[in-house]
Protein chains: 2
Amino acid sequence: MSHRVVVVGAGFGGLFAIKALRRADVEITLINGTAYHLFQPLLYQVATGILSEGEVAPPIREVLRRQKNVDVRLGWVQDVDVERKVVSVAGPGIDYTVPYDTLIVAAGASQSYFGNDEFADHAPGMKSIDDALELRARIFGAFEVADLHTDPETIERWMTFVVVGAGPTGTEMAGQIAELAHRNLRGQFKHIDSRKARILLVDAVGAVLNTFGDQLSAKAEKQLDKLGVEVRTNTKVVAVDSTGIEVESNGRRERIPAMTKVWAAGVAAPPLAAKLAAATGAKTDRAGRIQVEPNTSLPGHPEIFALGDMMNLAGEDGKPLPGVAQVAIQSGRHAADQIKRRLAGKETGQPFRYFDKGSLATISRFSAVASIWKLRLSGFPAWVVWVAVHLFYLVGFKNRVTAVLHWFVSFLGRGRSERVATQQQAFARQAIRAYGDPWRRAENGEPARETVAEQAG
Amino acid sequence: MSHRVVVVGAGFGGLFAIKALRRADVEITLINGTAYHLFQPLLYQVATGILSEGEVAPPIREVLRRQKNVDVRLGWVQDVDVERKVVSVAGPGIDYTVPYDTLIVAAGASQSYFGNDEFADHAPGMKSIDDALELRARIFGAFEVADLHTDPETIERWMTFVVVGAGPTGTEMAGQIAELAHRNLRGQFKHIDSRKARILLVDAVGAVLNTFGDQLSAKAEKQLDKLGVEVRTNTKVVAVDSTGIEVESNGRRERIPAMTKVWAAGVAAPPLAAKLAAATGAKTDRAGRIQVEPNTSLPGHPEIFALGDMMNLAGEDGKPLPGVAQVAIQSGRHAADQIKRRLAGKETGQPFRYFDKGSLATISRFSAVASIWKLRLSGFPAWVVWVAVHLFYLVGFKNRVTAVLHWFVSFLGRGRSERVATQQQAFARQAIRAYGDPWRRAENGEPARETVAEQAG
């Protein structure tokens, strides 16, 4: 019997680990809560009408269709029995277990509201396709509703957009909403001028894109300013409700009336991380990430690896590696490499060394900031690098071609191809609150007996 | 002051009426429940993963961006005061009124379950983008869930798909599900053979596509049979629940276990039709359509037109004109023409003459049936006509290009570009049942004070 590898999560970490095991004599079971891989760095383009869901979320079965040693299974991992080496899974309408010889845990991170989960109702996060579709409906809908009103205060409230979190996701969202208001939607309304929209980018830290270094932070801030985005750094969010947001800066509290809020601040490891840590005696950090050994395995459990956003591992500078795609991809490959060495009877334990290829963020069309090796680029050259890198990494050729076409439409033309508002996104949040989210329930260890289809019935 | 035209509905009827008034000295207000035009004949391609929502639903503001005499407003028309010539509208978070000199009512038709509204929970219709996304999640999800189960009966239940209604929409849906099972998904699952899926097409009438004539009905049935679709004509649906469907044929009742059901049978005019009929003294037919004058205006109200799916008007054969896109388009143009004549001081009342360009339905890739003038085509030639016609009518150039690319992917390759399942579609149905649908509430005359965004809050 082949060596059994169970991979939890079809993000960058899990997928690249699996691909690296393409020719290995292993039987892989991939367990994921959705049937698709999510290309998270482009999620903001779904939320702002540039790309379709399919373009950023190819089916896992398509991505791995040529790899015969993988069994793809839908479900949420509830728990891991590290003694018996079995994971228990809550799937749609069925609970099941999967035995492993090696376990790779790469379940990513979910949005964190820093203990204020009630903010989620008013400020959707940027973690899932559903988040993106809900934000798309809210953003485009806000202009439609503003156009119907006559009271200046009400119009202003609908035309104010607050993005919380000035990391790459938040910065890109703020930039795109500004582009929408100033360019794409310009002249499409009879009663409002979309260019009068107010877009704020708020963060408690002192600079936008603060991991990019002072030079690029300053450039990004300048580009945002030119786009009409109000940057509010050193500003903490203290309250969020349906009609506005309250911030605090230098001890001064201010209310900003705004119907549309986006939460792009803070992530936390899923509950599985804490369970795994408890079962193995590993430590977790404040964000819930598991402290791993230098080779990304768990202390005392060389057969269990934790990857990407779920791991806490110090980089060369002594600080924990950031939760970015490249860390996930490279740690996935490293874990696969460790497995192959073990199967070949070679010694394992080689430490994972992260090779920082750089950081990239678009501000608007034709304008980005990029930090590549020692190079610091901004403006158009950085944007060209951004396009090239994303084309290279967009998984699945089919989607790559239409994605490029949609980029042409959005960047050269004035259109947004995907502006549909589904009415159900908004209701769903109420339903989840009333009935509980069966997926989350599963994630937290409660039974999830009904299927999604049965739920609807 | 210009002549004020109010158009209710941005479907084919309303949109083509507006386009025909492009150069007229009129001020048009278009009121629609969504911000997009829905290209309904291609909705089944969204439900089966071929096209994205944006490709079949361009924003109204984009479609009409070069036409300066239109004001686009979001909302549901509640009522019409035919004496004061004012429509009252429930919009998102705001009720408002719009006065008119001429009123064009083209609000289309909604799904009818023939008095069994509880079927809707188990067998979503095919009328809206939300319907299509929910069906997409259910159809692709059914294969994922079947792959997790080991009990043969459970697997069979998940792999049985019943489409109710063998008109063009139902026939196309059944054909596409069969294509998915036999071609696109083949070999993508470890534990099931997707080709073993059972697809049934059920209708109470005696033939599929029965409005296409006996010859094409027979051809279509043969093509469906070749695809592996079980056609059950003369078969009435008597019950639908979460795990199956009950049918009756020749007095024999049979239960078909099936998790996935699609409702493509029956339409009814929206409540607005009855209100308008009551206010003007016009009659309605069994489907709720308004009996109009030969020029599509209402009896005694030459300033009010009812178009497309909302009107009952006899064609050359004495039977009411069918609820198809061409009838809507041509009646929209006719109403616009009547308005232009009136503004020019010319006599009006010219009867609307429907020019039947023919009927088209795809069965699968490379295979369709077409009835064009006296021509009866089937198989590949009919499919080529289908592609050409749909390209011509797909509104908005941007979407046309990517739609063609997606057709290439689906028809030449084996892929489906859009397979994302949003988890929220399923929950939403529960929420709507629990809280009531604010849009529908509005449609039925109940106050709709909260906005969609506030609903979510």
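The values are calculated or read from the model by the stated rules, or taken from the named source; none is laboratory data. Bear in mind the structure is a predicted one, so any value in this text is a computation, not a measurement. With ideal geometry, Cβ positions are generated from the backbone for all residues, glycine too; neighbour counts draw on all protein chains shown. Ligands, DNA and RNA are excluded from the accessible area calculation, which covers all protein heavy atoms including side chains. Shrake-Rupley method; radii C 1.70, N 1.55, O 1.52, S 1.80 Å.
So, in region A:187-221, of the ones that are free of Cβ contacts under 8 Å to residues at least 12 places away in the same chain and not polar (S, T, N, Q), which residue ends up farthest from A:A142 (Cα to Cα)?
Among residues in region A:187-221 that are free of Cβ contacts under 8 Å to residues at least 12 places away in the same chain and not polar (S, T, N, Q), the one farthest from A:A142 (Cα to Cα) is A:D214.
Report whether or not B:D147 is at the interface with chain A (Cβ under 8 Å from one of its Cβ atoms), closer than 20 Å to B:R4 by Cβ, in contact (Cβ under 8 Å) with a residue 40 or more places away in the chain and not hydrophobic (A, V, I, L, M, F, W, C).
Judged against the criteria, B:D147 is not a match.
Given the conditions (1) among the hydrophobic types (A, V, I, L, M, F, W, C); (2) assigned to a strand (DSSP E or B); (3) within 13 Å of B:T260 (Cβ to Cβ), report the number of the one that B:A123 does not fulfil.
So the condition that B:A123 fails would be (2).
With the requirement that a residue be closer than 21 Å to A:R157 by Cβ and open to solvent by less than 10 Å² (accessible area, probe 1.4 Å), what does region A:120-141 give you?
The answer is A:A123, A:P124, A:E134, A:L135, A:R136, A:I139.
Just wondering, is there one or more residues in region B:99-106 that are within 12 Å of chain A (Cβ to nearest Cβ), under 22 Å from B:A269 (Cβ atoms) and open to solvent by less than 30 Å² (accessible area, probe 1.4 Å)?
No, every residue in region B:99-106 fails to be within 12 Å of chain A (Cβ to nearest Cβ), under 22 Å from B:A269 (Cβ atoms) and open to solvent by less than 30 Å² (accessible area, probe 1.4 Å).
Spot the failing condition for A:D117; the list is (1) open to solvent by 20 Å² or more (accessible area, probe 1.4 Å); (2) in contact with a helix residue (DSSP H, G or I) (Cβ under 9 Å, 6 or more places away or on another chain); (3) away from chain B (no Cβ under 11 Å); (4) not basic (K, R), and only one is missed.
Checking A:D117 against (1) open to solvent by 20 Å² or more (accessible area, probe 1.4 Å); (2) in contact with a helix residue (DSSP H, G or I) (Cβ under 9 Å, 6 or more places away or on another chain); (3) away from chain B (no Cβ under 11 Å); (4) not basic (K, R), the one that fails is (2).
Return the residues of region A:168-222 that are polar (S, T, N, Q) and in contact with a Pro (Cβ under 7 Å, 6 or more places away or on another chain); say none if nothing qualifies.
A:T211
Filter region A:27-66 down to the residues that are more than 14 Å from chain B (Cβ to nearest Cβ) and either open to solvent by less than 10 Å² (accessible area, probe 1.4 Å) or under 16 Å from A:M310 (Cβ atoms) (or both) and list them by number.
A:Y44
Could you grab me the full set of residues in region B:67-88 that are within 11 Å of chain A (Cβ to nearest Cβ), over 24 Å from the mean Cα position of the chain (by Cα) and of a type in the set (D, E, K, R)?
Within region B:67-88, B:K68, B:D71 qualify.
Out of curiosity, is B:L21 within 14 Å of chain A (Cβ to nearest Cβ), crowded, with 22+ Cβ neighbours inside 10 Å and among the aliphatic types (A, V, I, L, M)?
no
Within region B:150-187, how many residues turn out to be open to solvent by 50 Å² or more (accessible area, probe 1.4 Å) and of a type in the set (G, A, S)?
Selection size over region B:150-187: 1.
Let's see how each residue does on (1) modelled with pLDDT of 95 or more; (2) of a type in the set (K, R); (3) closer than 24 Å to B:I28 by Cβ:
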position	(1), (2), (3)
B:E293	yes, no, yes
B:G318	no, no, no
B:V324	no, no, no
B:R341	yes, yes, yes
B:K357	no, yes, no
B:A361	no, no, no
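Filtering region B:395-404 down to residues that are surrounded by 20 or more Cβ atoms within 10 Å (Cβ to Cβ) and at pLDDT 70 or above, which residue is nearest to the chain's Cα centre (by Cα)?
B:A403
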